[in-house]
1. When a/c reaches 1.5 or more, the comparison of a/b and b/c decides; with that in mind, is segment 362-402 rounded, prolate or oblate per its Cα gyration tensor?
2. Considering the dipole of the chain built from charges on the beta carbon (Lys and Arg +1, Asp and Glu -1) around the Cα centre, which of L171, L467, G72 is farthest to its positive end?
3. Which of K167/K525; K167/K496; K142/K525; K122/K142; K154/K199 have a Cα-Cα distance over 19 Å?
4. Which order do S367, S381, S36 fall in if you start with the one that has the fewest other Cβ atoms within 10 Å?
5. Of T314, H63, L300, which is farthest along the charge dipole of the chain in the positive direction, counting Lys and Arg as +1 and Asp and Glu as -1 at C-beta?
6. Could you give the radius of gyration (one decimal) and Dmax (whole number) of the Cα atoms in the chain, in Å?
7. Would you order S201, S179, S504 from fewest to most other beta-carbon atoms within 10 Å of each residue's own beta-carbon?
8. Report, in debye and to the nearest 20, how large the dipole of the chain comes out about its Cα centre when Lys and Arg carry +1 and Asp and Glu carry -1 on their Cβ.
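What follows is calculated from the coordinates using simple rules that are stated; it is not laboratory data. A quick note: this is a predicted structure, and the numbers were derived from the prediction, not measured. Here the Cβ is made from the backbone with ideal geometry for all residues, glycine too, and neighbour counts use every protein chain on show.
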Amino acid sequence: IQCQSTSTEEPKTKRNLLDNASNLLTNFLSGGRLGSMPTAEGAVSDLFGRPLFFSLYDWFLEHGSVYKLAFGPKAFVVVSDPIVARHILRENAFSYDKGVLADILEPIMGKGLIPADIGTWKQRRKVIAPGFHSSFLEAMVKIFTACSERTVLKFENLIERENHEEKAIELDLEAEFSSLALDIIGLGVFNYDFGSVTKESPVIKAVYGTLFEAEHRSTFYIPYWNLPFASWVVPRQRKFHRDLKVINDCLDGLIRNAKESREEADVEKLQQRDYSTLKDASLLRFLVDMRGADVDDRQLRDDLMTMLIAGHETTAAVLTWSIFLLAQNPSKMRKAQAEVDSVLGEERITLESVRELEYIRLIVVESLRLYPQPPLLIRRSLQEDKLPGGYMGSEDGYAIPAGTDIFLSVYNLHRSPYFWDRPNEFEPERFLVPKASEGIKGWSGFDPNRSPGAMYPNEVIADFAFLPFGGGPRKCVGDQFALLESTVALAMVLKKFDVELRGSAEDVELVTGATIHTKTGLWCKVKRRST
Ligand code: HEM
């Protein structure tokens, strides 16, 4: 059971086993030393019966905003507190790494930003983050529009083929948004057209196979694939490695091509941030042209793979839950459609028009509040630390030893009755209304004006009670890309179609790994708008 088929893997696998054993031991010991913390006892069935984040929410209401979750000898600290979240993510960020998450993702993403050790991360973040500048995002809006047009055309053709009077089609919109998001991330990050809205291909199958495995691993918080008894999963592991190879070969080819086709004229345009006549506006072009052709191919491949995985299902999920919520709120859907009609008319979407699509933008962020992707952020303390006193439970805070595994529950924060009025209701308008801290010690309340110039509400305006993209130095690098993409795609679908759920909202079962998604698809009735 190895992650890559090179001869260096044997010692690495052994090292992982030793690491896991020592983590388990440290965890066991630290679990014992978190003595004064309220404790929730988890049963193994909590890992399988329903998404774990539901149980974490119930325990949060019962035990407070910082508690210890014990599964036998294994203990996690569960944080649902903005002050503690701010400490872990921003104020003392470098005392933590990604812990279990890095164990899960390293075989897929290598030294990409998400699982990378701090040294590699510092170097690569400096190189990658500037690539997401405003001219790049403006060029991306054109890609979002072109790809969304393909989806709209596909729906129109399917509707056209219907013979019955109602002319509505039944579609799994989760699957459709997944294809759309895959096409967008391929073109935006490495100028590769998966064309998955209209066709199947071995590369697409390999991407879904790899995502499936990443998802499966994320539902287990112990890296079973490194353990000796894991031989029963050999066929799955073999398929996983085959899929990984297909994607890696594809990415290697794209990197080679980008390096060979480097042209000085394009480099100049990129330097001047002139994307107007650039044929290839992708991030890969920026990374190769602006950072020199000598950048290490293996690292570049890890970076691209990371962004492919991080930027695909997450954005697809935002679109899925936005439609799910709107379909249950027809008056809000009509309000959104009226905004799209008045802002866009017959024009194509631009970055400027996105600025005017305020309601659509708020729908996107409200969907991220109710269905955060991922619902949990994972950290492991690298050294002893003192968590600040929260607004519930201990005034003094808790000392935590090195090696403590932490689940920062974004889901709990986003649905906390302490920070949000009617937390479980879909109210995009809530982001326009300030909220005082109401005596919650250390939290500065919610103020939409605290982040001037930001197009979308972010963690700053809610002082870490809203963390759709994390916060601090490891905050999502693609947040604006994803928000713009979701806004453009949602506006274009709503412009043309009315959407209803095929069954009731209760029929839509949730499952979760890295993202929250449906168990059997988001089946909807889609028809052309009558106006
Ligand atoms: C990190 C969410 C889209 C690339 C993160 C984190 C979150 C997040 C919460 C922080 C993880 C942590 O602190 O442990 C989302 C959501 C998205 C989205 C909800 C869509 C709605 C994207 C896109 C890209 C991307 C489109 C790339 C094009 C990354 C990368 C990191 C990251 C590279 C790691 C950053 C670092 O450690 O420096 N994302 N993301 N994400 N995301 Fe996103």
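1. Oblate.
2. G72
3. K142/K525; K122/K142
4. S36, S381, S367
5. Result: L300.
6. When restricted to Cα atoms, the chain yields Rg and Dmax of 23.1, 68 Å.
7. Listed from fewest to most nearby Cβ atoms, that is S504, S201, S179.
8. With only Lys, Arg, Asp and Glu charged at Cβ, the dipole is about 780 debye.
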